[in-house]
Every structure is written in C-alpha cells, then in structure tokens.
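K.L.:
Dropping the structure in here first, questions after.
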Amino acid sequence: MDNDELVDRRGFLKSAFHEITKKVLEFSQDRGDSAPKKKRRWLRPPGAVEESLFFSRCTRCNECIKVCPHQCIRGVDSDTDAGIGTPVIVPRIAPCKLCTDLPCIKVCKDKALMPVDDIRKIKIGVALIDRTRCLNYIGDGSSLCRKCYTECPLKDEAIYLEDSRPVVRAERCTGCGICENVCEVVNPPSSVRVFPPPDMSFLR
C-alpha cells in the first residue's frame, strides 16, 4: 500500500468514525421518539411538544393558525428545517398574547400542542436583553423606556427592574415575545430577542 492509499484510507476511516459517533450520540439522546431529536431554532405555539415529536404529530392542518384571535401564529412558508406549513410565532411581527383559554391548544387534535393549566407554565422560549443596545442600559437616565417591563404580561415575575433597568428572570419567562415586539417599535432593531428553550421534553 503506497502513501496516497494510506492517506485515503485514514481519511475514510476518520470520516466514517465521525459519522458513526454522530449517529450514536443522536440515538443515545433519543428517548423513544420515532426520529432523532432536533434542536429547535424557531418558536412554536404554546404547549408545543419536543421538536422531533412535534414533527411526527403535526399534520399541518392549520387549525391553530385559523383559531388564533390575534393572528400570532403563522405557517412556515419557506423550505427550512422548521418544515413548510408548520406553525411558528415570530415575535417582531406578532407576539403571542397568552390567551387565557389557549384556543390554539384546544383545536390541536394531533397532540402536537399539549394542554397547559397555567399560562405561567408556557415555555415558548426565553427572552434575552442585549445590554449594549438597550436604552435602559446605555442611556443617561433621560431616555429610559422600560416598555418591555411595562408590557410584560408577567411583570415583576418574568421581567423585573433592578436599578431601574429591566432584567429577565429566565425560569419565569414564557417567551411570548411581547417584549421583543414593543422594543422593535421604540428601538429598532429590537434589543430584546426571544430564543427557543434548550429542552422541551418536559412538555410531553
């Protein structure tokens, strides 16, 4: 075997080992779902189950989209990992209003959205404030807006004030996106972003 063949063989084995390791990790993280777990990079409606399970259950029936009284839920219209036609929430356009009766969950017959008995238990995502852009942190005191705080449906729970500046309490944040939406109006582009939570398995 010459050097070129040896290099090719090593490269092939290295690549194969990488792929095998990747698959083992994917299956080791799988807790019985029909597909390896996906990492969610988008916001699903309230009550959404873990992403791989969501993909296997959601039939793209659009019922949750139709019934949303505030038109907060929209179907993915481009070919992305989120899946064309699946429901998402884009806070900068229309945040979730956390309806008390959660009609989107009630109409989901496929159990992609599961019942939540208290809006405080909803976990669409988690809001983060960019302090390098937030007027409350970079202002001289005269430009404080605090809109994210005053408009938060769980004011003083999910967002509270510390030295007159808003702070997100991640474990209480529902990820509704209202804070991101109002910040987009007063300080575009919004210095608040809502990111998907790292683990949705508790919603199964």
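No lab work stands behind these numbers, since they all come straight from the coordinates. Treat the numbers as computed from the prediction; the structure is a model and nothing was measured. Here the Cβ positions follow ideal geometry from the backbone for every residue, glycine too, while neighbour counts run over all protein chains shown.
K.L.:
Given the pairs Lys66/Lys155; Lys66/Lys111; Lys66/Lys147; Lys109/Lys147; Lys106/Lys147; Lys121/Lys147, which span a C-alpha to C-alpha distance of over 26 angstrom in this model? Mind dumping the intermediate values first?
P.N.:
Working: Lys66/Lys155 29 Å; Lys66/Lys111 17 Å; Lys66/Lys147 29 Å; Lys109/Lys147 37 Å; Lys106/Lys147 31 Å; Lys121/Lys147 23 Å.
Checking Cα-Cα distances, Lys66/Lys155; Lys66/Lys147; Lys109/Lys147; Lys106/Lys147 exceed 26 Å.
K.L.:
Return Phe195, Phe54 ranked ascending by Cβ neighbour count within 10 Å, so the fewest neighbours appear first. Don't skip to the answer; put the middle values down first.
P.N.:
Working: Phe195 14, Phe54 23.
In increasing order of surrounding Cβ atoms, one gets Phe195, Phe54.
K.L.:
Could you list the residues of segment 85-100 with an amide nitrogen less than 12 Å from a label point located 7 Å from the Cα of Val67 in the Cα-to-C-beta direction?
P.N.:
Nothing falls inside the zone, counting backbone N under 12 Å.
K.L.:
Would you order Ser78, Ser191, Ser56, Ser164 from fewest to most other beta-carbon atoms within 10 Å of each residue's own beta-carbon?
P.N.:
Values: Ser78 6, Ser191 23, Ser56 13, Ser164 10.
By the 10 Å Cβ count, ascending: Ser78, Ser164, Ser56, Ser191.
K.L.:
Once the Cβ-Cβ distance between Leu161 and Ile84 is put in as r, and R0 is 35 Å, what FRET efficiency do you end up with, to the nearest 0.05?
P.N.:
Values: r = 42 Å, r/R0 = 1.19.
The pair Leu161/Ile84 has a calculated efficiency of 0.25.
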